[in-house]
Amino acid sequence: MSWNDNLDDKGLEIASSQSTRIRIMAGPGTGKSYIMKKRIMRLIENEKINPEKILAVTFTRTAANDLKKELQLGIVGAEKIHAMTLHSFCFGLLNQKEVFDGLQRTPRPLKTFNSKGSPQFELSPLLADLDLVHDFGNKREKFKRIKAFEAAWARTQEEKLWLKDEEDRLFQHEIEQWLKVHKSMLIGELVPLTLRYLQNNPASNIFDKYSHIVVDEYQDLNKAEQTLIDLLGERISISIVGDIDQSIYSFRYANFNGIEDFSSRHKSVEDKTLNKCRRCDKKIVDLADSLIRYNHPTGTSNKLNSDPDKEDGEVRIVQWKNAVEEADGIAHFIKSLIDQSRYKAGDILILSPRRLLGYRLRNAIQALNISVHSFFHEEAVEDIKAQKAITLLNLLANPDDAVSLRFWLGMNSSTWLSNQYKVLVEIGEQEGKSVREVLDECINGRNINKISQIKKAYISFLSAKSDVSNLSVTQLIDYLFPDKEEGTLILREASLLFLNSNPLAIIKDLWDCLENLITQPEMPEEGDFVRIMSLHKSKGLTSKVTIVTSCVQGLIPNIDNELEGYEKEEFLREQRRLFYVALTRAKEYLVVSSFNTIETKLAYTLGAKFSHRGSLPETIASVFIQQLEGRPGF
């Protein structure tokens, strides 16, 4: 197939453009990935560009792999294209010896999550160890400092603008020292460190490596990431693709204005628009368009147009008595679709705004003997059992990992045994040894005072390591993530799915899979099972049947009571964009579901809004449902 086959007029204009700066505003399902693939094909076929000189930046690793596979079907040498996420690009660059020598930083991100305003898992021992240096406040206050730093790293590169006082500078210094000792970094440092290195090394050979950069989902990048793209593309061609109406990552500091002001940062930008949805049937497109126009001035023309050649499609708006009935009702609805041979389990995608409700749906579907998997990977290591298991797995795969060892040694103590650990660190620094090497000497008879508890913790690690030393990968999964253990269920499901596709995997392979799941989680595009996940996680996926559940105020849209004025309005607009993304995952059949009553305790747990207090308060249906013009009745 030639590069210019099966392209309409707009697609041909984009694929054949000779511009060195091109910006494509592309709505959901408008064929942007296909057209950009054709553009890359033209560069290789017609312009005779070496595939190794093309950098395709995608939002997910899955998208990068798919791009390579599709191009390989028609182009010799396409496997040499550098298709990857921006994080993968940064990891690769920072792992180069000359870059490490310049920065003295190791791209091993800490695994952490936020629970009730406080950091958990691998960030916890870091913050505890800081207390021995200076009183930076309690755990929550220290975490707020880190979040402020990450926001600043994402938004500006001028340190003097955000390191305002001596305590900030001391805090940053001590964190960097801890991270250097433990050969690690915060995930928020990855791009800024890469950017710093390239800005300070303008003669780096990375600037000669590529002649063309193609960037997808540009609106999801933060300012530092967009600045990095600008820097890499300063003397070469850049093509960017994005859609302001699909910007849903403000919590990652995404700079959706960056795609709008692209032309102010670059000269002679050619603009193109794709707004005909080829993915979704007509009724689905019409509903989605009516919703997203609420984010734009009154009288704005359609943002997304349906394809006249598509079918009408099916849309159902349903409401259940309560959340339990919603789960059971949807499960039986799915069973009827499968029993009637209308759809297979793998054709069905369920989007839930809360993990707890998603698990109810999963259990109800499993009860009907339908294959189903949930993908709430952001909570994969929330339980201490999961943290302990994944730490042991990492130490089996990477025995010298200092962060995992630090976590294991202190995880059973409220103080993280910081004082005892400091003794080991200081001895190691004096003698040029790692903490593990010092501990091994203690096990072999060396006497070091004031470390009895930490030595006991290390012995427990050696015992656990011995227990699993002769297990196969399958047996190891059963040991680390037992069946029916809720706390490690996400890790077990992911491990078994991985092992099913990679039966010859070794321990290191399993670790690499789970590390990606924790630090850069991605969803499978297909499988012979119903998929359940959050609305955010559905970005980039499509499904014949999509069911958006629990559409009540407080859940969809989520409500942040701390916001006021413009910030509150902008948060609601982003929530509307998130719902828009969810609706446009559906190809043929869309279901929007809510429930009418909720238990008081559950309402408070989930953040759902209700109209009155009592034993069974009534929920408030999502305002977004009312904004679906032409919607069918309940």
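The values are calculated or read from the model by the stated rules, or taken from the named source; none is laboratory data. Model, not experiment: these values are computed from the prediction. Quick reminder, even Gly has a Cβ in these numbers, built from the backbone with ideal geometry, and neighbours come from all protein chains shown.
Quick notes on this one:
- Taken over segment 497-506, the residue count meeting the criterion of being surrounded by 16 or more Cβ atoms within 10 Å (Cβ to Cβ) and in a helix (DSSP H, G or I) is 3.
- In segment 86-127, of all residues being out of contact with any Phe, Trp or Tyr (no Cβ under 9 Å at 6 or more places or on another chain), touching a residue at least 24 places away in the same chain (Cβ under 8 Å) and more than 24 Å from residue 221 (Cα to Cα), the one that is surrounded by the fewest Cβ atoms within 10 Å (Cβ to Cβ) corresponds to 104.
- The set of residues in segment 349-389 that are of a type in the set (Lys, Arg) and either assigned to a loop (DSSP other than H, G, I, E, B) or modelled with pLDDT of 95 or more (or both) comprises 354, 360, 362, 385, 388.
- Complete set of residues in segment 311-334 that are in a loop (DSSP other than H, G, I, E, B) and within 31 Å of the chain's Cα centre (by Cα): 313
Here's the yes/no breakdown for (1) assigned to a loop (DSSP other than H, G, I, E, B); (2) of a type outside the set (Val, Ile, Thr); (3) at pLDDT below 90:
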| site | (1), (2), (3) |
| --- | --- |
| 101 | no, yes, yes |
| 137 | yes, yes, yes |
| 164 | yes, yes, yes |
| 172 | no, yes, yes |
| 175 | no, no, no |
| 192 | no, yes, no |
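- Matching residues in segment 55-72 - criterion: being closer than 23 Å to residue 211 by Cβ, touching a strand residue (DSSP E or B) at 6+ places or on another chain (Cβ under 7 Å) and assigned to a helix (DSSP H, G or I): 64, 67, 68
- Residue that is within 17 Å of residue 55 (Cβ to Cβ), part of a helix (DSSP H, G or I) and among the charged types (D, E, K, R), where the choices are 230, 245: 230
- Test: residue 59 is in contact (Cβ under 8 Å) with a residue 12 or more places away in the chain and on the phi > 0 side of the Ramachandran plot: no
- Within segment 283-310, tally of residues that are surrounded by fewer than 18 Cβ atoms within 10 Å (Cβ to Cβ) and either touching a strand residue (DSSP E or B) at 6+ places or on another chain (Cβ under 8 Å) or in a loop (DSSP other than H, G, I, E, B) (or both): 11
- All positions within segment 390-408 that are in a helix (DSSP H, G or I) and either closer than 16 Å to residue 473 by Cβ or more than 24 Å from the chain's Cα centre (by Cα) (or both): 390, 392, 393, 394, 395, 396, 397, 402, 405, 406, 408
- Failed item in (1) surrounded by fewer than 20 Cβ atoms within 10 Å (Cβ to Cβ); (2) among the hydrophobic types (A, V, I, L, M, F, W, C); (3) in a helix (DSSP H, G or I), with residue 143 passing the rest: (1)
- Filter result for the condition that a residue is more than 20 Å from the chain's Cα centre (by Cα) and not in a loop (DSSP other than H, G, I, E, B), over 517, 476: 476
- Tabulated pairs, segment 128-151, first of a type in the set (Gly, Ala, Ser), second part of a loop (DSSP other than H, G, I, E, B), C-beta under 6 angstrom, 6+ apart or interchain: 128/416; 151/253
- Of the set (1) on the phi < 0 side of the Ramachandran plot; (2) in contact (Cβ under 8 Å) with a residue 40 or more places away in the chain; (3) crowded, with 22+ Cβ neighbours inside 10 Å, all apply to residue 402 but (3).
- Residue tally, condition of a type in the set (Gly, Ala, Ser) and outside any loop (DSSP other than H, G, I, E, B), over segment 1-47: 5
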